[in-house]
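Asker: One structure follows; several queries about it will come next.
Just so you know, all these numbers are worked out from the coordinates, no wet-lab data involved. Because the structure is predicted, anything quoted here is derived from the model rather than measured. Here the Cβ positions follow ideal geometry from the backbone for every residue, glycine too, while neighbour counts run over all protein chains shown.
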Amino acid sequence: MLEELDLLAKRIQRLVSRVQTLSAEADDLRRQLQSVSAERDELTQKLQVEQSQQVELKESLGSAQTAVQQTKAQAQQERAALQGTLDLFRQENEAMQSSLKTREQEVHRLREVTQQARQRIDGVLEKLPGALSQEAS
């Protein structure tokens with residue numbers, strides 16, 4: 001019976017030793033679990049922050065794209081208006097160039113007519129009596 005008690009005591013010691021080992025492993029696993037949980041919580045927070053930043057960036061990008069589209073539309077309108085003004089100036093310039101050419105032709109014609117009139121007047125003056133005396137004096 002003593003042997004049985006010794007065996008039982010050794011078994012109990014092994015069980016106690018095993019329980020202590022398991023308890024130590026359980027404590028270690030709890031610490032690891034707490035560490036992993038803390039890391040998970042930290043990563044979750046970082047993910048939420050990054051998702052929030054991503055949403056802000058998307059909104060900012062949307063605003064920027066809207067501003068770009070508005071600016072492009074405004075630039076196209078201004079370009080169209082300026083093109084219209086340019087076309088009007090070109091037409092006006094062409095009209096003025098045409099008018100100038102017409103006026104230059106008219107001035108040239110008037111100079112020729114004036115020259116012809118002077119020649120006629122000079123011819124008439126030469127035929128008048130006393131024209132020689134005016135030239136001599």
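Asker: Which of Q70, Q45, Q20 ends up with the largest GNM mean-square fluctuation for the chain, with Cα atoms connected below 10 Å?
Answerer: Of the options given, Q20 has the highest mean-square fluctuation.
Asker: Among the lysines, which have Cα under 26 Å from the Cα of K46 when same-chain residues fewer than 8 positions away are ignored?
Answerer: K46 reaches K58.
Asker: OK, next. Taking only DSSP H segments of four or more residues, each worth -39500 (n - 2.57), what value at 222 nm results for the chain once the sum is divided by all its residues, to the nearest 500 deg cm²/dmol?
Answerer: Rounded to the nearest 500, the figure is -36500 deg cm²/dmol.
Asker: Mind telling me which of E25, E59, E42 comes out most flexible in a GNM of the chain, alpha-carbon contacts under 10 Å?
Answerer: E25
Asker: Which translational diffusion coefficient, to the nearest whole µm²/s, is obtained for the stretch 10-85 from the Stokes-Einstein equation, given a Kirkwood hydrodynamic radius over C-alpha pairs, 10 °C and 1.306 mPa s?
Answerer: 86
Asker: Just checking my list [x] 16.9; [y] 27.9; [z] 16.4 against Kirkwood radius over Cα pairs in Å computed from this structure; which label fits?
Answerer: [y]
Asker: Follow-up. Pop a pseudo-label 7 angstrom from the Cα along the beta-carbon direction at both K101 and T21 and give the gap in nm to one decimal.
Answerer: The two pseudo-label positions are separated by 11.3 nm.
Asker: Please identify, among A26, A67, A95, the residue showing maximal mean-square fluctuation in a Gaussian network model of the chain using a 10 angstrom Cα cutoff.
Answerer: Maximum among the listed residues: A26.
Asker: Expressed in nm to one decimal, what extension gain is obtained for the pair T44 and K58 from 0.36 nm per residue of sequence separation less their Cα-Cα distance?
Answerer: Here the segment from T44 to K58 would lengthen by 3.0 nm.
Asker: Could you size up the charge dipole of the chain around its Cα centre, putting +1 on the beta carbon of Lys and Arg and -1 on that of Asp and Glu, and report it in debye to the nearest 20?
Answerer: Charge dipole of the chain: 500 debye, to the nearest 20.
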